[in-house]
Amino acid sequence: RLGVDVGEGIYSTSTSIRKGYKGDVTHSVIADQWDYEIRISEEERTVETLKKYVRIIWKIVTDAEDYILREYPDILLPGHPTSDIRLPKEITFLTSEELHAKYPKMDAHERETAAVREYGAIFIIGMGWPMKDGSAPEEVRAPAYDDWNMNGDIMVLVSNSFVEIVRMRWIQILIMSLPHPCFVD
C-alpha cells in the first residue's frame, strides 16, 4: 500500500493518550512513540528474525551508553551515583511462559523485576498469550494489532525495578526505535 519493498521501512512518531488506561509504575497514560517499521518476507517472520532485530537495537543502546561514558567521564568517578551501573553487552531472551515458570508465585511486575535483577537486561517474547496453566498473560496486548507470538519488550534495571525501554510489536515488523544505518543490509 505504501510502496515499501522487502528490506525497506518507514519511520514515524506519535504522542497519544491511551484511552481507558489507568497507568502504573512502569507505564504512562501518555504514549510517546518513535516507530520504525520494516517490511520483511513471510520466510523471515520468525522468532530468530525478531531476536536479530532486538540484538541490533540492544547494540545501539549499549553503543549510546559507551558514547555517554566517553563524553562524560565524571560519571565513572567513585562516589557518583551511577559509577557502578552498566548495561550488559548481551541481552537475555525469555518467553513470557519461561518467566512465569521461573517465578510462579510472583505477579507479572514482580517476575519482570526479578528477571531484570538477575540478568540486567531482558527481552520478553510473547507478551499477550495467557499462560499454559490458565493464569493471566504477562501483559494485556491488543489482539487486533499484536501478534502475541512475535512481540516483546526490552527491559533494564533502574533503581531496583525494571523499566521498559523498547516494546516490539510485529504485524510484518514494527520496531519502536529510532532508525539506524544498521537496519539496512
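Selection of the stretch 87-132 for residues being in a loop (DSSP other than H, G, I, E, B) and among the hydrophobic types (A, V, I, L, M, F, W, C) yields L87, I91, M106, M127, W129, M131. Considering each of I68, I40, I10, I85 in turn, give the residue that is at pLDDT below 80 and more than 16 Å from the chain's Cα centre (by Cα). Testing whether each residue is at pLDDT below 80 and more than 16 Å from the chain's Cα centre (by Cα) leaves just I85. Here K89 fulfils each of the conditions (1) of a type in the set (D, E, K, R); (2) open to solvent by less than 90 Å² (accessible area, probe 1.4 Å); (3) touching a helix residue (DSSP H, G or I) at 6+ places or on another chain (Cβ under 8 Å) apart from (2). Applying the condition of being in contact (Cβ under 8 Å) with a residue 12 or more places away in the chain and farther than 22 Å from I56 by Cα to the stretch 92-103 and asking which residue is most open to solvent (accessible area, probe 1.4 Å) yields K102. Taken over the stretch 37-62, the criterion of being within 18 Å of F123 (Cα to Cα), open to solvent by less than 70 Å² (accessible area, probe 1.4 Å) and assigned to a helix (DSSP H, G or I) is satisfied by V47, T49, L50, K51, Y53, V54, I56, I57, W58, I60, V61, T62. Could you check the stretch 114-146 and list, in sequence order, the residues that are acidic (D, E) and either modelled with pLDDT of 80 or more or open to solvent by 40 Å² or more (accessible area, probe 1.4 Å) (or both)? Listed by number, the residues that qualify are E118, D133.
Being exposed (fewer than 14 other Cβ atoms within 10 Å of the Cβ) and either in contact with a strand residue (DSSP E or B) (Cβ under 7 Å, 6 or more places away or on another chain) or under 16 Å from N151 (Cα atoms) (or both) is a description that applies to S14.
The values are calculated or read from the model by the stated rules, or taken from the named source; none is laboratory data. The shown structure was predicted, so the numbers you read here are calculated from the model rather than taken from an experiment. Note that each Cβ is placed from the backbone with ideal geometry, even for glycine, and that neighbours are counted across all protein chains shown. Accessible surface is based on the protein model in full, side chains and every heavy atom, while ligands, DNA and RNA are left aside. Shrake-Rupley method; radii C 1.70, N 1.55, O 1.52, S 1.80 Å.
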